[in-house]
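The values are calculated or read from the model by the stated rules, or taken from the named source; none is laboratory data. For clarity, every value in this text was computed on a predicted model and none was experimentally measured. Glycine gets a Cβ as well: all are built from the backbone with ideal geometry, and neighbour counts include every protein chain shown. The protein model used for the area step is the full one, side chains on, heavy atoms only, and it has no ligands, DNA or RNA in it. Shrake-Rupley method; radii C 1.70, N 1.55, O 1.52, S 1.80 Å.
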Amino acid sequence: MRTGDYKQTYGELVALIESPPIWLWSAVLLLALIVAPYVLNAYALSFLMIILITVTGALGLNILTGYTGLISLGHVGFLVTGAYAYAILVAKYHLPPLIGFLGAGLVPALASLIVGAPSLRLKGLYLAITTLAFSFIINTVILEMRWLTNGARGLSVQRPEILGISFDSDAAFTYLCLGVATLTLFATLNIRRSRVGRAFVAIRDNDTAARVMGINLHAYKLLAFVTSAFITGLAGALYGIYLSFVSVEGFPFLLSIEALAILIVGGLGSALGAVLGTVLIVLLPEAARLVFSFFSAQLDAVFTTGAQELKSMLYGLVIILFLRFQPRGLVGAWHDIRRAWVNWPLRY
Amino acid sequence: MRNHLTTASILLATTLLAGGGAFAAEPGITDTEILIGDVEPLTGPPALLGVAASIGHKIAIAEANNAGGINGRKIKYVLEDDGYVTARTIQGVKKVIEVDKVFAMLGMSGSGQSIAVMPVLEKAGIPTVIDVAPVKLLWEPPRKNVFVVGQSYEEGIIHLVNYLAEKNPGKKWGLITQDDDYGITVRDGFDSVVKSKKLKVVYSGNYKKGQQDFSSDMLQLKDSGAEVFLAGGIIAENIAMMKELEKLNVKPVTGIFWPGRIEPVLKLMGPAGDGIFAVDYVEPFAGEAGKAFLEKARPLVSEAEFKGINRYTMSGYAAAKVLIAAIERCGKQPTWACTISELEKTKNVETGVMAPISFGPGIRFSNQKLQITQADTATLSFKPVK
């Protein structure tokens with residue numbers, strides 16, 4: 001009798017989605033997301049926009065940190081570079097938004113070559129510090145290049161119009177974010193199951209073994225950096241449009257930490273984990289506020305007037321709890337639940 | 001039959017009109033309440049200004065409520081924390097407009113945050129009076145529903161440098177600024193006076209936001225022989241600079257800007273801060289108007305809130321007074337259109353904490369009159385300079 005989750009062919013092993021029900025549920029989710037802008041108010045919609053933009057950025061970081069095992073503490077540097085590239089091309093030089101998005105991907109990708117180069121020699125904490133330094137350097141460069149970036153004064157960015165379609169309204173902009181996030185999700189899932197993705201994972205698991213297997217560490221590490229920076233840059237452009245004003249101050253270092261927290265909570269190395277982690281981290285403070293507001297109006301007031309301190313505490317608490325009790329993140333928890341459901345009453 | 005139809009039509013039309021009237025009621029207004037929203041940095045270092053501004057709003061609201069509210073309706077204040085993070089300011093503004101459904105907005109966090117929420121406010125069309133960070137992008141171009149109480153940083157710095165230049169002719173000047181929007185504005189204002197007054201600048205420094213150690217900067221300032229010094233820091237930076245100058249045993253004539261003109265700064269500076277000049281558009285607490293404001297505020301806020309009062313409380317109070325007065329002039333059924341129209345008609349409104357406030361057709365910036373004050377460490381206060 002067949003029990004458990006068997007993969008009997010190589011095709012099954014690299015399938016984009018494991019079973020038809022997952023396709024069905026994914027379609028239902030997509031449909032719900034398409035309907036959402038017509039149902040949600042502006043406040044709820046702002047959460048959806050932030051989730052979709054953050055998912056894009058987290059998926060970008062997941063390629064580098066999750067798939068390839070290279071820790072980056074300075075991904076906000078690519079985010080801000082992407083936002084500025086878009087703002088300069090579209091708001092300053094009045095180029096079409098599509099060119100702006102292309103630039104938002106390409107400029108951070110080029111910058112990543114500079115950061116990626118040391119990664120050929122550095123690992124772990126040393127690489128993390130290098131990327132951290134990059135995020136500070138890029139801020140200084142932006143502030144000093146006033147003739148191009150407007151320095152600390154920042155640049156105003158309008159919602160785009162692409163191929164005659166205006167994304168001015170919140171609903172329309174949500175669709176744009178949804179489109180980019182969906183494409184990014186498909187791209188990263190496909191990268192993961194390709195030869196390139198398997199090379200990334202091999203480097204993460206054991207780079208010496210990967211080299212013995214014939215994987216060019218230099219080329220693949222750089223490729224991971226470039227791909228990750230390209231996607232993060234796109235997220236930066238969307239974030240800049242969401243903010244409507246691109247300045248160094250709008251991209252605090254804390255965003256890098258938040259992105260890492262998303263990957264840890266979601267489950268490192270998993271695209272689904274990046275999505276689940278984003279939803280949890282973005283909605284956690286609001287959910288906590290709603291729960292507490294049921295108990296007392298005073299607690300609700302504490303959450304609105306001391307919100308940011310409480311949010312930081314909640315993030316910290318959640319990360320500690322996940323690292324202690326579920327180090328494989330939400331994806332790990334989901335796999336455990338699914339296995340228990342499928343195999344019950346047997347145990348593995 | 002025709003008569004019956006006519007009567008029915010009239011009844012239907014009356015019902016629809018009455019119903020339509022009810023539907024047309026603006027958000028944030030019930031029979032007993034009017035909701036006013038605000039988003040400020042209430043946590044983290046910028047909370048020093050956000051909390052103080054919100055206390056100013058609370059004082060004005062409590063004062064109005066004690067006098068019976070706005071035409072019988074009590075004002076309810078809905079306050080949200082953004083932690084000085086732009087994305088959260090946008091979300092906060094959307095929350096108070098869409099979820100809490102406030103009638104009008106006040107305050108609005110820092111300069112970058114205010115600029116970022118402009119499209120949201122403009123699209124919503126909600127009457128808004130901004131008072132925390134007056135920067136030109138908020139009133140140029142003028143937006144129909146957004147009014148700004150205060151004075152521009154550029155004008156402030158020009159006023160201060162002109163004053164110090166007149167009092168110290170022929171002296172050598174030094175300047176240090178922060179590497180952000182605020183610093184650029186201070187520098188631009190300074191540069192414009194340098195050209196016109198032909199000032200001799202011997203030191204011009206720039207520091208990274210968050211810098212704590214100013215030993216090398218102040219040593220360079222000392223070596224340059226600067227006799228008049230414009231400290232372009234905000235709070236902690238200005239304190240560190242003055243302490244460093246004290247260690248180096250030099251005491252140039254020093255000018256600071258209003259974001260740093262708060263009384264606790266003098267306590268932390270100690271004797272090093274004595275005699276420094278500051279520019280501002282709100283009254284100093286050491287003056288008659290300031291004392292009267294504190295007397296008025298004491299019974300209206302808690303002890304903890306009273307301790308949190310600073311100059312931003314005054315600017316917040318003035319903005320709230322102007323907004324409340326405009327809503328009040330709209331009578332029993334205030335609307336956004338009427339409130340905006342009445343805000344536009346604001347002419348020489350006395351708030352007691354700054355010069356009279358005026359707006360006008362196409363004028364959304366109150367352009368407050370400036371004054372110079374001087375620090376007195378003995379009383380830990382800034383006193384008006386005659």
Legend entry - Two-decimal log10 I(q)/I(0) for segment B:125-223, as the Debye equation yields it once each C-alpha is a single scatterer, q = 0.15, 0.22 Å⁻¹: -0.73, -1.15
Inset, instruction - Let me know the charge dipole size of segment B:336-386 about its Cα centre in debye, to the nearest 20, where only the beta-carbon of Lys, Arg (+1) and Asp, Glu (-1) is charged. - result: 160 debye
Inset, instruction - List the residues of segment A:31-58 whose accessible area drops by at least 10 Å² when all protein chains are present, compared with their chain alone, using a 1.4 Å probe and counting only protein heavy atoms. - result: A:Asn41, A:Ala42, A:Tyr43, A:Ser46, A:Phe47, A:Ile50
Inset, instruction - Determine how large the accessible area of B:Trp139 is when every protein chain is in place; take a 1.4 Å probe and give Å² rounded to the nearest 10. - result: 20 Å²
Inset, instruction - Express the C-alpha Rg of segment A:91-232 as a ratio against the empirical globular expectation 2.2 N^0.38 Å, rounded to two decimals. - result: 1.27
Inset, instruction - Run a plain Debye calculation on segment B:302-386 (Cα atoms as equal point scatterers, no solvent) and give log10 I(q)/I(0) at q = 0.21, 0.22, 0.26 Å⁻¹, rounded to two decimals, same order as the q list. - result: -1.03, -1.08, -1.27
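Return the subset of B:Lys267/B:Lys307; B:Lys58/B:Lys123; B:Lys222/B:Lys369; B:Lys58/B:Lys332; B:Lys101/B:Lys307; B:Lys101/B:Lys123 for which the Cα-Cα distance in this structure is over 25 Å, preserving the input order.
Correct reply: B:Lys58/B:Lys123; B:Lys222/B:Lys369; B:Lys101/B:Lys307.
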Legend entry - Extension reserve of the B:Asp191-B:Leu380 stretch, reckoned as 0.36 nm per residue once the Cα distance is removed: 64.9 nm
Inset, instruction - Using all C-alpha to C-alpha distances in chain B, build P(r) with 20 Å bins and read off the rounded percent in each one. - result: 27, 51, 16, 4, 1, 0
Inset, instruction - Quick one: P(r) of segment A:41-93 from all Cα-Cα pairs, 5 Å bins, percents rounded to integers, in order of increasing distance. - result: 5, 17, 17, 19, 19, 15, 7, 2
Inset, instruction - Just need the relative contact order of chain A here, percent rounded to a whole number, with Cα pairs under 8 Å and 6+ apart. - result: 27 percent
Legend entry - For the pair A and B, total buried accessible area rounded to nearest 100 Å², probe 1.4 Å: 2800 Å²
Legend entry - For B:Ile176, residues with placed amide H under 5 Å, excluding near neighbours: B:Gly205, B:Leu230, B:Gly232
Legend entry - Heavy-atom accessible area per residue - segment B:166-229, 1.4 Å, Å²: 49 Å²
Inset, instruction - Return one whole number: the accessible area per residue of segment A:160-313 in Å², for a 1.4 Å probe. - result: 43 Å²
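Restricting to Cα pairs below 8 Å that are 6+ residues apart, what does the relative contact order work out to for chain B? Please round to a whole percent.
Value for chain B: 19 percent.
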Inset, instruction - Treating each Cα of segment B:229-386 as an identical point scatterer and ignoring solvent, apply the Debye formula and state log10 I(q)/I(0) at q = 0.16, 0.20 Å⁻¹. - result: -0.92, -1.20
Inset, instruction - Taking the Cα centre of the protein assembly as shown as origin, sum charge times position over the Cβ atoms of Lys and Arg (+1) and Asp and Glu (-1), and report the length of that vector in debye to the nearest 20. - result: 1060 debye
Legend entry - Kirkwood hydrodynamic radius of segment B:301-344, from inverse mean 1/r over distinct Cα pairs, in Å: 11.8 Å
Inset, instruction - Select from B:Leu323, B:Pro127, A:Ile241 the residue farthest towards the positive end of the dipole of the protein assembly as shown; place +1 on Cβ of Lys and Arg, -1 on Cβ of Asp and Glu, and compute about the Cα centre. - result: A:Ile241
Inset, instruction - Evaluate the relative contact order of segment A:120-227 (contact order divided by residue number), counting alpha-carbon pairs under 8 angstrom at least 6 apart; express in whole percent. - result: 16 percent
Legend entry - segment A:21-155: radius of gyration over Cα atoms, expressed as a fraction of 2.2 N^0.38 Å: 1.26
Inset, instruction - Starting from the Cα of A:Ala15, step 7 Å along the direction of its Cβ; do the same at A:Leu254; then give the gap between the two resulting points in nm. - result: 4.3 nm
Inset, instruction - Quote the charge dipole size of chain B about the Cα centre in Debye, to the nearest 20; the model charges only the Cβ of Lys and Arg (+1) and of Asp and Glu (-1). - result: 640 debye
Legend entry - Solution diffusion estimate, µm²/s, Stokes-Einstein, chain A, Kirkwood Rh from C-alpha pairs, 4 °C, viscosity 1.567 mPa s: 61 µm²/s
Inset, instruction - Using only the alpha-carbon atoms of segment B:253-296, report the extent along each of the three principal axes, biggest first, to the nearest angstrom. - result: 32, 20, 16
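Kindly provide the Kirkwood hydrodynamic radius of segment B:170-319 in Å, to one decimal, from all pairs of distinct alpha carbon atoms.
Evaluated on segment B:170-319, it is 16.6 Å.
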Legend entry - Convex hull volume per residue for segment A:151-304, taking Cα atoms only, in Å³: 172 Å³
Inset, instruction - Send over the Kirkwood Rh of segment B:22-129, from the inverse of the averaged 1/r over different Cα pairs, rounded to one decimal Å. - result: 14.1 Å
Legend entry - Dimensions (Å) - the protein assembly as shown, Cα atoms, principal axes, largest first: 99, 94, 49
Inset, instruction - Give me the compactness ratio for segment A:145-222, meaning the Cα radius of gyration over 2.2 N^0.38 Å. - result: 1.76
Legend entry - Leading residue at positive end of dipole, the protein assembly as shown (Cβ point charges), from A:Val291, A:Leu254, B:Ala375: A:Leu254
Inset, instruction - Please work out the average accessible area per residue across segment A:68-108, using the 1.4 Å probe convention, and give it in Å². - result: 32 Å²
Inset, instruction - Roll a 1.4 angstrom probe over the protein heavy atoms and tell me the percent of accessible area of chain A that is carbon or sulfur. - result: 71 percent
Inset, instruction - Would you be so kind as to identify which of A:Val107, B:Ala272, A:Leu346 lies farthest towards the positive end of the dipole of the protein assembly as shown, taking Lys and Arg as +1 and Asp and Glu as -1 on Cβ and the Cα centre as origin? - result: A:Leu346
Inset, instruction - Could you list which residues have their amide H under 5 Å from that of B:Thr254, counting only those 5 or more apart in sequence or on another chain, with H placed in the peptide plane? - result: B:Phe229, B:Phe277
Inset, instruction - On the protein heavy atoms, probe 1.4 angstrom, tell me the percent of accessible surface of segment B:317-386 carried by carbon and sulfur. - result: 55 percent
